[in-house]
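K.L.:
Okay, here's the structure, questions in a sec.
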């Protein structure tokens, strides 16, 4: 296909999955944009539809397969010329989905997608691509051609790929591989690139953020050193750490959090459970006592820290007694931010073949009980902030409201700070000093009024 026709080829990308997947989607769009393709957010007018899939658990695979069928219907009707399926689903379940969806023109696993432009041109010539292709494995290299899909107030950055843990319920190591950390200089280059595009906050995401550098052996830089180097980049306003695995925590990170004005006092640290028995069945390592000590030490060493966690209920070995132990602990410790998910039995995992578990219905009911309790805890935490002042970063707007976050809210995960802005003075990326005045009726978000604009 002649190069001068590329600008007439309209490509739409459908993104599914987590923030790490979003970075992959941004890499795909960046590569295509660099080559001159016409990118559109409307699949109805696209010549080529690219689906970036998730396959972490059964429901995610079902959603991915449903999206494949939707795109294939467009191809069948003649409104779309080709369909490309990329990401975690073909990486892990290639043979299965190639057989199930023979009409798909190309299946691409996880890569840096450096060949995506060529592949689009190939499928438009009627050629099928089913081999494991798409570019080099995306490990230890910088990701600088991303076309950001987040507001410029924040962007995600992954300092490493893969995971060395063998949790009984998780297939991520089978999808993403072993941990491979990027060099500090490479990550810093990415930060500078993002800040140069106007990004105010960097949100660090990885399968195991606190494991950064372990694969480098003795003497390699670890997460505290990396965070210090990232925070030193000029004009970066906030740096946030997500997906911190609780075992072998790099404790100098708390010193960095206390001393840096850029590193926000917020940590996402998924504990999954508090029962020693269940933690052992999960192959998480540690015990109830070690998890409790870790969390208390975090609060002691970083005064005012906001802690977010995730718990998994209904896992094999979790009876009513173990669930009640978890519920009681959550009521006592009072995480500021919390998510709960039901166990999903995954083929190929240790837990997936273990029938010593409650019914799916009971697991869902346990999620409900956890979140109903957390709703009250969350509302109380929010109420305690009424009358206090803090800085917020504006992500966008909704009518006469600016949608903002403080250090205590991670994007796309937590609540919002709603700032009245009928005159639309506060653009995306503005930083404001506000005072919280009330909690919204549902007890979830905060309403705050400007005190002073620190950055606009």
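K.L.:
Given Cα pairs under 8 Å that are at least 6 residues apart, what percent is the relative contact order of the range 1-140?
P.N.:
21 percent
K.L.:
Please order 289, 24, 365 by the number of other Cβ within 10 Å, starting at the fewest.
P.N.:
Numbers: 289 10, 24 25, 365 16.
Arranged by neighbour count, lowest to highest, 289, 24, 365 become 289, 365, 24.
K.L.:
For a quick check: sort 424, 378, 165, 273 by the number of other beta carbons within 10 angstrom, fewest at the front.
P.N.:
Listing 424, 378, 165, 273 from fewest to most nearby Cβ atoms yields 424, 165, 378, 273.
K.L.:
Got the relative contact order for the chain handy, in percent, Cα pairs under 8 Å and 6 or more residues apart?
P.N.:
Worked out over the chain, it gives 10 percent.
K.L.:
Related question: Under a no-solvent Debye model with one identical scatterer per Cα of the range 3-124, what's log10 I(q)/I(0) at q = 0.13, 0.17 Å⁻¹?
P.N.:
Treating every Cα as an identical point scatterer, log10 I(q)/I(0) equals -0.44, -0.78.
K.L.:
Can I ask one more? Remind me, relative contact order of the range 318-456 in percent, using alpha carbon pairs under 8 angstrom and six or more residues apart?
P.N.:
20 percent
K.L.:
Normalise the Cα radius of gyration of the range 389-455 by 2.2 N^0.38 Å (N = residues in it) and let me know the number. Working shown, then result.
P.N.:
On the way: Rg = 10.6 Å, N = 67, 2.2 N^0.38 = 10.9 Å.
Relative to the 2.2 N^0.38 Å estimate, the range 389-455 comes out at 0.97.
K.L.:
Using only the alpha-carbon atoms, what does the range 175-228 span along each of its principal axes? Please give whole angstrom values in decreasing order.
P.N.:
34, 28, 15
K.L.:
For the range 224-322, report the % of Cα-Cα distances exceeding 18 Å.
P.N.:
Tail of the P(r) past 18 Å holds 50 percent of the pairs.
K.L.:
Let me ask something else. Please report Rg over Rh for the range 332-409, where both radii come from the alpha carbon positions and Rh follows the Kirkwood definition.
P.N.:
Across the range 332-409, the Cα-based Rg/Rh ratio is 1.15.
K.L.:
Using only DSSP helix segments of four residues or longer, with each worth -39500 (n - 2.57), what per-residue ellipticity at 222 nm results for the chain after dividing by its residue count and rounding to 500? Walk me through the numbers on the way to the answer.
P.N.:
Values: 12 runs with 155 residues, N = 456.
-11000 deg cm²/dmol, from helical runs alone.
K.L.:
Residues of the range 287-325 with amide nitrogen under 17 Å from the 7 Å Cα-to-Cβ point of residue 251?
P.N.:
From the range 287-325, the list is 287, 289-303.
K.L.:
Mind sorting 282, 431 by how few other Cβ atoms lie within 10 Å of their own Cβ, fewest first?
P.N.:
Ranking 282, 431 by Cβ neighbours within 10 Å, fewest first, gives 431, 282.
K.L.:
Taking every pair of Cα atoms in the range 237-380, average 1/r, invert it to obtain the Kirkwood radius, and report Rg/Rh to two decimals.
P.N.:
Ratio of gyration radius to Kirkwood radius: 0.99.
Any read-out appearing in this document is the output of simple, stated calculations on the displayed coordinates, not a laboratory observation. Please read these numbers as outputs of a predicted model, since none were measured by experiment. With ideal geometry, Cβ positions are generated from the backbone for all residues, glycine too; neighbour counts draw on all protein chains shown.
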